[in-house]
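Structure record follows, encoded as structure tokens.
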Amino acid sequence: MFDLHRFKKSFVYAYRGLTYLLVHEQNFRLHIIFAILALSLSLILSVNYYETLIILLLIFNVMMAEIVNTVIENILDIIHPDHHDQIRIIKDATAGIVLFAALIALVIGSIIFIPKILHFF
């Protein structure tokens, strides 16, 4: 049976999680700033519908990677708070996922934006 109260509480928990990220995670805030810049540039340069969808997908991909990275790092800090080489490797790898997603977003964003910017010159 559908429990409306539990359903509402799940949104409260999700909101609380996003609020935590905004307050405590500098990289998450940085990704939001770049997302706002990319969306603003999309409006200014009249990016078409499909390019806008690609940009949105890239933004959400980077944001989700950052969220997963934060979750994994926090879990690992609880499991093993002291320095451990295997833990460091896992943390580095998850940070690498975020970096990879951001670099792909940068490359594809450049492919979309640079020709439109050069059109003004």
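The values are calculated or read from the model by the stated rules, or taken from the named source; none is laboratory data. Since we're looking at a predicted model, the values are computed, not measured. All Cβ positions, glycine included, derive from the backbone under ideal geometry; neighbour counts span all protein chains shown. These area figures cover heavy atoms from the full protein model, side chains too; ligands, DNA and RNA do not enter into them. Shrake-Rupley method; radii C 1.70, N 1.55, O 1.52, S 1.80 Å.
When only alpha carbons are used to place a centre, the stretch 1-54 and the stretch 66-120 end up 16 Å from one another.
Estimated purely from DSSP H runs of n ≥ 4, each contributing -39500 (n - 2.57), the mean residue ellipticity at 222 nm for the chain is -31000 deg cm²/dmol once divided by its residues. From most to least packed by mean Cβ count within 10 Å, the peptides 9-17, 24-32 give 24-32, 9-17.
Positive-end ranking of Ile67, Ser46, Ala95 along the dipole of the stretch 34-121, with charges on Cβ about the Cα centre, is headed by Ser46.
Candidate membrane-span-like segments in the chain, meaning DSSP H helices with Cα atoms spread over at least 18 Å of their own axis and a Kyte-Doolittle mean of 0.5 or above, are 26-44, 49-79, 85-118, with no membrane implied.
Positive contributions from Lys and Arg (+1) and negative ones from Asp and Glu (-1), summed over other residues with Cβ under 11 Å from the Cβ of Leu99, come out at -2. Largest mean-square fluctuation among Leu18, Leu99, Leu58, in a Gaussian network model of the chain whose springs join Cα atoms under 10 Å apart, belongs to Leu18. In a Debye calculation with equal point scatterers on the alpha-carbon sites of the stretch 17-121 and no solvent, what is log10 I(q)/I(0) at q = 0.12, 0.14, 0.16 Å⁻¹? Reported log10 I(q)/I(0), two decimals: -0.49, -0.62, -0.75.
Over the chain, what is the mean sequence separation of C-alpha contacts under 8 Å (at least six apart), divided by residue count, expressed as relative contact order in percent? For the chain, the relative contact order is 27 percent.
Working ranking of peptides 46-55, 100-109, 84-93 by packing, defined as the average number of other Cβ atoms within 10 Å per residue, highest first, is 100-109, 46-55, 84-93.
Here the peptides 34-43, 59-68 are ranked by packing, the mean other Cβ count within 10 Å, and the order with the highest first is 59-68, 34-43. If you take all other residues with their beta carbon under 14 Å from the beta carbon of Ala14, and give Lys and Arg +1 and Asp and Glu -1, the sum is +4.
Excluding ligands, DNA and RNA, the accessible surface per residue across the chain is 76 Å² with a 1.4 Å probe.
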